[in-house]
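Colleague: Mind looking over this structure? Questions follow.
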Amino acid sequence: MLHTSAPRRTLHSPLRYVDWTLPLVAVAVSVLGVFMNYSATWRLLEFNGGDVLFFARRQAIFVVIGVGVMVLTALLDYRVLGEFHRQIYLGLLISLAAVLVFGREVQGARAWFQLPGFQLQPAELGKFALIVALAAYASRSEGEMDLPALFNSLMLAAVPMVLIFLENDIGTMLIYAAIVMGMLLVAGARVSHIVVLTIIGALVVLLVFNSSRLVGRDLLGERQQERLTAFLDQSSNQGQANYNLNQSQIALGSGGLTGQGWLKGTQTNLNLVPEQETDFIFTAVGEELGFLFGSLPLLLAYLFLMSRMLAAARLAGELFGTLVVVGVLSMFLFQTFENLGMTMGIMPITGIPLPFMSHGGSSIITAFAAVGLVVNVRSRRFARD
Amino acid sequence: MTQGGSTGVRLAFLGVVVVALFSALFARIWYLQVLATDEYQVQAATNRVRLISIPPIRGRILDRNGVVLADNEFVGVVTVDPTQVGAERDRVLDELELLTGESRDLMAARLDDPAADPFAPRTVAAGLDENTLELIAERALPGVKASFEPRRVYPQKAFAAHVVGYVGAMPEGFLEAHRGQGYTLNDRVGRAGIEDLFEEELRGRPGVRKVEVDRQNRVLRILGEEPPQNGYDVVLTIDIELQQAVEAYLALGLRDARQKISPDSDLFFPAYAGAAVVEDVRNGQILAMASYPTFDPNWLVDGLSSDLYDLTFNDPFSPGRLNNRAIQGLYPAGSTFKLVTAIAGSRAGVISPRGRYEDVGYFDVPGDCGTGCRFNNAGKAIMGPMDLSTAISRSSDAYFYSTGYKIWALPGENQWAIQDTARQFGFGSDTGIQLPFEKSGRVPDDEVKRVLFESRPDVYLTEDNVVTWVPGDNINLAIGQGFLTMTPLQLTNAYATWANGGTRFAPNIVDRVQTREDAEPEIVTDFGPRITDVLDFSDIPRDVINEGLAGVTRVRRTAYGVARGTASGAFELWDNAAYPISGKTGTAQAEGINKALARPKEDTALFVGYGPTNDPRYAVTVIMEEAGFGGDAAAPVVRNIFDALRRLEQNWAEPEDLPLETPQPVTATCPEIPRTLLHGGAEVFVPEGCPYGTPLPVIGTPSDGEPAPSPAGSGG
């Protein structure tokens, strides 16, 4: 082979240190996602006389856009974000406040801007804003957070979280909480502080669920409460949430070791699992591809993604980069665990999508952008200014 | 540089969290898919979730004043599910016979109906009261369900049946054509009239209920529900009181005709069928539309019993009971078509409106054309001298034979003046009324004739007929005979166009579609007046034609003596001063044989009128098959309908003013022709000072282009 014009790379070129496995696995999972989107929707679309490829084609377009966004986020030096973290944080607050006033209400949550052709959810992009702002602030403590720094970090996170709670978007608020927990843990909060925080968190949850007795006003809607607690009492035969949970587990369980075959799942085809192309997409994988060809490889793929992110966090050139990657990792970890746990009946039902798999533009593009950010941090570990 | 020290430890802790959480997921999925899979596979196989369609409530059909023409009633019905009754079938039927009083054989037949959905419950008895339903429910027979179900009901019975239509069992192919719209095989769908055309609006959208059921398919609990969206109401433009009057007068008119003896055959007229249309000429709204013989749509909702089936389909004296003759009956226009010929002739320049024409009882085609060159008047009547106005009032065939011939002889495109004018008036094309299966009729020309002859040479090429358009074709067309066919609605709309000064509407029979609320319904679709064309009458002698049409219903003195209108007998006692009516009679020869009576068909009687003459509001058409003369049979019916209109229009609001050209009152603007000129025998004479006084060229006269204005003119 001739290498007449081999590119000359310096030791510090980011391209030399790109972790290619991370984006490749992400793309592979999202391609499976497109197929499962088709499997979960074609029967109903055909029954209604629609275009059977409608959801699959849409999802494929989202994936292509997502890959493009991933390339962009990987190219732009992440340290620029750190320099502008104040402006980014301010932008987050303004857009969250604006959506409360001008937003469009979808299924009870006022979290979307209606733009021509698509909807924009500021809280989605806001995850990155929070990660960047929190990483920039917490990295100043250089790994040892005292009480005032911890308190300030919590306040920094609390303001957008309250706004999102007011939007009635509990699922996204929980993701924010997970991001904050993960980042503060790594940023150097003391173990005693974290224990106290956890206790306070538990108390808040108790308060919210019993708010009608304690405060005299329900902070959660009845349906929300039912969905969140259904997994605690699965023998109960009442209500829609328990129905979802039952059907979802029947779908996974009936898949067995080898699955019923693509497009052949009875639960999937009879449309017995609700919201199957979005929140319950994993049930289609479990039922049709089974444990060996579906659930196990997919879980391993997610585990692999997490481990590569942990490695990227360890290898990052500075604490700011480490914290950014930890924020992304916490986000993925929480979303994946919560979504899969929900379909298996070990976590409450919330509207949190499975990264790279669930149908939806916001979810897909955010996930790819996050991967791009991790690649970015890792590839610049030796970069000079 | 790697993160060391404290951060490294903390990252390792995060790694432990990741591994711990994924271990939980692995454990759980291992349990679900490997350890407990048998149990879940059984559950999946016996998943007892069913989707049940909740039918929407069908919208109503209302007349212009909100009177209900089609509604739903709830009737107690017993259904049996053939898949569940099984071996206990005999016992179930015995018990049901005792409880409902319905014949066991009939119920068995309904249960075995091969046309029904094999998996759906069948209705075996209907019309039960609450008490009976409860008794049946208490017995808890296998597969038997007793409930109240909505059933379509037509409170006006036979009135407006052809317009409203009916619902019935689904036609073949319907389910395939409407996939995904939630229809099931047992649904009743609109089969005719408004029920058919507005099926989508009337039906609404069914809801879905997701339920969990036990092994006996009993509902254990409701898992979710999407409510149905009920159908919209359709509001018609017809007035049911007028409709009842029109149908009654039409039936009475036919009965009267059946008591008269035909001069052609010396037998009673059969007069078994007819149609009537009332249109508001100001906005194209149809106020009444009748077709005889008629039917009761309530017969058809549950399927016909054999007696009613025979009455509906096999009655030889009431053929085509379900056909709406007003839009589907194809008739020759007969003399009512002379309006078109008069306009075409005036435009083509072959008619001099005040010109004198001598009707000698026939018209001979000039030149040598062998036999069949003489066209006789009806009854070979000799009518003497006349102008255009009198020719219309007295319905001279010879006058219009001559006009038809002269038009045929014109060079170039003018040869087709009659056809062009007919198409302008909407003949030969759908009117666009909101009713299904409308026929468009036929305006014949050389192309139409050629296609006709080539498709049915056995029928048409029996005599020495030629395929080209010969003078005889145009002469026949000039009096509305020959190959011309039209529907009663087309004729009404054509005269409405004439009466309102030239605005041709697409007639509306539906005023609006609205949500079903009694207080303030929300309008979904509003059918405003739909103008399809505006005709220009400025270049034709409108006054003379109007005078002729007004003269049809009266006896008047003219320059050529007393003109007795062809419908003057029928309107003898009519108050023509207070409510003058214009119109035109028609007596059209019908081809073929009356099969039930095995004798040649009698003439079709037509009358189309509009009134009041000075400021027309309504156009009314009556067509009666095999009923004789239009003036004798159809004109009295129109007169009676106008009588009803005069009474009922007091209750109606003035329609919205449309910027239409208002017709001129019928007053002759031409001076009376001096008596001294009456015997001149001039073929063409136009008095000085008349707006139509331009001398017109006449084919075949030596002074072509410059006719002599001399009163004593050339011989004739």
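The values are calculated or read from the model by the stated rules, or taken from the named source; none is laboratory data. All figures in this text were calculated on a predicted structure; none of them were measured in a lab. FYI the Cβ positions are ideal-geometry reconstructions off the backbone, even for glycines, and counts take in every protein chain you see. Ligands, DNA and RNA are excluded from the accessible area calculation, which covers all protein heavy atoms including side chains. Shrake-Rupley method; radii C 1.70, N 1.55, O 1.52, S 1.80 Å.
Colleague: Obtain the nm distance between the two label points defined at B:ALA251 and B:THR468 by a simple spin-label model: each point lies 7 Å from its Cα along the Cα-to-C-beta direction.
Modeller: Between B:ALA251 and B:THR468, the simple spin-label model gives 5.4 nm.
Colleague: Something else: Projected onto the charge dipole of the protein assembly as shown (+1 at Lys/Arg Cβ, -1 at Asp/Glu Cβ, origin at the Cα centre), which of B:GLY472, A:PRO23, B:VAL637 gives the Cα projection farthest towards the positive end?
Modeller: A:PRO23
Colleague: Mind jotting down the distance between the C-alpha centroids of the stretch B:90-167 and the stretch A:100-157, whole Å?
Modeller: So the two Cα centres are separated by 63 Å.
Colleague: Within 10 Å, count the other beta carbons around each residue, average over each peptide in A:345-358, A:295-308, and list them highest first.
Modeller: A:345-358, A:295-308
Colleague: Right, something else. Given H placed 1.01 Å from N in the peptide plane, which residues other than close sequence neighbours of B:TYR357 have an amide H under 5 Å from its amide H?
Modeller: Here B:MET386, B:ASP387 satisfy the definition.
Colleague: Top mean-square fluctuation among A:ALA40, A:ALA187, A:ALA109, Gaussian network model of chain A, C-alpha springs under 10 Å?
Modeller: Sorting by GNM fluctuation, first place goes to A:ALA109.
Colleague: Looking at the stretch B:141-247, which GluC sites (Glu not before Pro) are DSSP coil and have at most 16 other C-beta atoms within 10 Å of their C-beta?
Modeller: Here the sparse-neighbourhood loop sites are B:GLU172.
Colleague: Before anything else, pin down the relative contact order of chain B: Cα pairs under 8 Å, at least 6 apart, normalised by residue count, whole percent.
Modeller: 13
Colleague: Report, in order of residue number, the helices in chain B meeting two criteria: a C-alpha extent of 30 Å or more along the helix axis, and a mean Kyte-Doolittle hydropathy of at least 1.6; treat each whole DSSP H run as one helix.
Modeller: Qualifying helices: B:5-30.
Colleague: Using θ = phi - 60° and the Karplus form 6.51 cos²θ - 1.76 cosθ + 1.60, what ³J(HN,Hα) does each residue of the stretch A:338-345 get, whole Hz, x for Gly and Pro?
Modeller: 5, 5, 5, x, 5, 5, 8, x
Colleague: How big is the charge dipole of the stretch B:65-156 about its Cα centre, in debye rounded to the nearest 20, if each Lys and Arg gets +1 on its Cβ and each Asp and Glu gets -1 on its Cβ?
Modeller: Dipole size: approximately 200 debye.
Colleague: I would also like to ask the following. From the residues B:ILE540, B:VAL555, B:SER103, which one has its Cα farthest along the dipole of chain B in the positive direction, the dipole being from +1 and -1 charges on Cβ of Lys/Arg and Asp/Glu about the Cα centre?
Modeller: It is B:ILE540, whose Cα lies furthest towards the positive end.
Colleague: In nm, what is the difference between 0.36 nm times the number of residues separating A:GLN114 and A:ARG190 and their Cα-Cα distance?
Modeller: Once the chain is fully extended between A:GLN114 and A:ARG190, it gains 23.1 nm.
Colleague: By DSSP, what percent of the beta bridges with both residues in the protein assembly as shown are antiparallel, rounded to the nearest 5?
Modeller: Taking every DSSP beta bridge within the protein assembly as shown, about 95 percent pair in antiparallel fashion.
Colleague: What's the magnitude of the charge dipole for the protein assembly as shown around its Cα centre, counting Lys and Arg as +1 and Asp and Glu as -1 at the beta-carbon? Answer in Debye, nearest 20.
Modeller: Here the size comes out at about 4320 debye.
Colleague: Would you report the distance distribution of C-alpha pairs in chain B as whole percents per 20 angstrom bin, up to the bin with the largest distance?
Modeller: With a bin width of 20 Å, the distribution comes to 15, 39, 24, 13, 6, 3, 0.
Colleague: Go through the stretch B:11-25 and flag every residue whose accessible area shrinks by 40 Å² or more with all protein chains in place compared to the isolated chain (probe 1.4 Å).
Modeller: B:LEU11, B:LEU14, B:VAL18, B:LEU21, B:PHE22, B:LEU25
Colleague: Now, a different point. In square angstrom and rounded to 100, what buried accessible area do you get between chains A and B, total over both, with the probe at 1.4 Å?
Modeller: 4200
Colleague: What do you get for trypsin sites (Lys or Arg not before Pro) in the stretch B:559-611 restricted to DSSP loop and a cutoff of at most 14 other Cβ within 10 Å of the site's Cβ?
Modeller: Listed in order of number, the matching sites are B:LYS595.
Colleague: Which parts of the stretch A:178-206 would a label at A:LEU93 reach, counting a residue when its backbone N lies under 13 Å from a point 7 Å out along Cα-to-Cβ?
Modeller: none
Colleague: Moving on to the next point. Let me check something: with ligands and nucleic acids excluded, how do B:VAL552, A:VAL191 order by accessible area (1.4 Å probe), largest to smallest?
Modeller: These residues rank, largest area first, as A:VAL191, B:VAL552.
Colleague: Quick one: go through the stretch B:318-346 and flag any residue whose amide nitrogen is under 17 Å from the point 7 Å out along the Cα-to-Cβ line of B:VAL459.
Modeller: Taking a point 7 Å out along Cα→Cβ of B:VAL459, the residues of the stretch B:318-346 whose backbone N falls under 17 Å are B:328-333.
Colleague: On a full-extension model of 0.36 nm per residue, what is the gain between B:SER265 and B:ASP112, subtracting their alpha-carbon distance, rounded to one decimal in nm?
Modeller: 49.9 nm
Colleague: If you don't mind, there's one more thing I want to ask. B:LEU69's amide H: which non-local residues (gap 5+, or another chain) put their own amide H closer than 5 Å, with H modeled 1.01 Å from N in plane and none for Pro or chain starts?
Modeller: Residues meeting the criterion, in which the H sits 1.01 Å from N, are B:ILE61, B:LEU62, B:ASP63.
Colleague: In whole percent, and with a 1.4 Å probe on the protein chains, what portion of the accessible area of the stretch B:53-232 is carbon and sulfur?
Modeller: 50
Colleague: How much solvent-accessible surface does B:TRP30 expose, in Å² to the nearest 10, with a 1.4 Å probe and all protein chains in place?
Modeller: Surface open to solvent at B:TRP30 totals about 110 Å².
Colleague: For the stretch B:161-252, which trypsin sites (Lys or Arg not before Pro) pass both filters: DSSP loop (anything but H, G, I, E, B) and at most 12 other C-beta atoms within 10 Å?
Modeller: Counting only loop positions with at most 12 other Cβ atoms within 10 Å, the trypsin sites (Lys or Arg not before Pro) in the stretch B:161-252 are B:ARG179, B:ARG215, B:ARG218.
Colleague: Something else about it: Residue by residue through the stretch B:67-77, what is 3J(HN,Hα) from phi via Karplus (6.51 cos²θ - 1.76 cosθ + 1.60, θ = phi - 60°)? Round to whole Hz and write x for glycine and proline.
Modeller: Result, ordered by residue: 6, 7, 9, 9, 9, 10, 10, 9, 10, x, 10 Hz.
Colleague: Counting alpha carbon pairs within less than 8 Å and at least 6 residues apart, what relative contact order, in whole percent, applies to the stretch B:343-455?
Modeller: Computed value for the stretch B:343-455: 24 percent relative contact order.
Colleague: Rounded to the nearest 20 debye, what is the charge dipole size of chain A about its Cα centre when +1 sits on each Lys and Arg Cβ and -1 on each Asp and Glu Cβ?
Modeller: 980
Colleague: If you take the C-alpha gyration tensor of the stretch A:17-379, multiply each eigenvalue by 5 and take the square root, what semi-axes do you get, largest first, in whole Å?
Modeller: 32, 25, 20
Colleague: Length gain on complete extension for the stretch B:ALA653 to B:GLU73, per 0.36 nm per residue less the alpha carbon to alpha carbon distance?
Modeller: Full extension from B:ALA653 to B:GLU73 adds 205.6 nm.
Colleague: Kindly report the accessible area of the stretch B:342-414 per residue (heavy atoms of protein chains, probe 1.4 Å, no ligands, DNA or RNA), in Å².
Modeller: I get 37 Å² per residue for the stretch B:342-414.
Colleague: Starting at the first residue of the stretch A:158-175, write each ³J(HN,Hα) from the Karplus equation 6.51 cos²θ - 1.76 cosθ + 1.60 with θ = phi - 60°, in whole Hz, x for Gly and Pro.
Modeller: Result, rounded to whole Hz: 5, 4, x, 5, 5, 4, 5, 4, 5, 6, 6, 10, 4, x, 5, 4, 5, 4.
Colleague: Here's a follow-up. B:THR558's amide H: which non-local residues (gap 5+, or another chain) put their own amide H closer than 5 Å, with H modeled 1.01 Å from N in plane and none for Pro or chain starts?
Modeller: B:ALA563
Colleague: Okay, moving on. Would you please give the FRET efficiency between A:LEU203 and A:PHE54, computed as 1/(1 + (r/R0)^6) with r the Cβ-Cβ distance and R0 = 56 Å, to the nearest 0.05?
Modeller: After rounding to 0.05, the efficiency reads 0.75.
Colleague: To continue, here is another question. Modelled label-to-label distance, B:ARG450 and B:ALA12, 7 Å Cα→beta-carbon offset: nm?
Modeller: With each label point 7 Å from Cα toward Cβ, the separation is 10.0 nm.
Colleague: Choose one of B:PHE425, B:TYR232, A:ASN339: the residue whose Cα lies farthest towards the positive end of the charge dipole of the protein assembly as shown (beta-carbon charges +1 Lys, Arg; -1 Asp, Glu; about the Cα centre).
Modeller: Farthest along the dipole direction, towards plus: A:ASN339.
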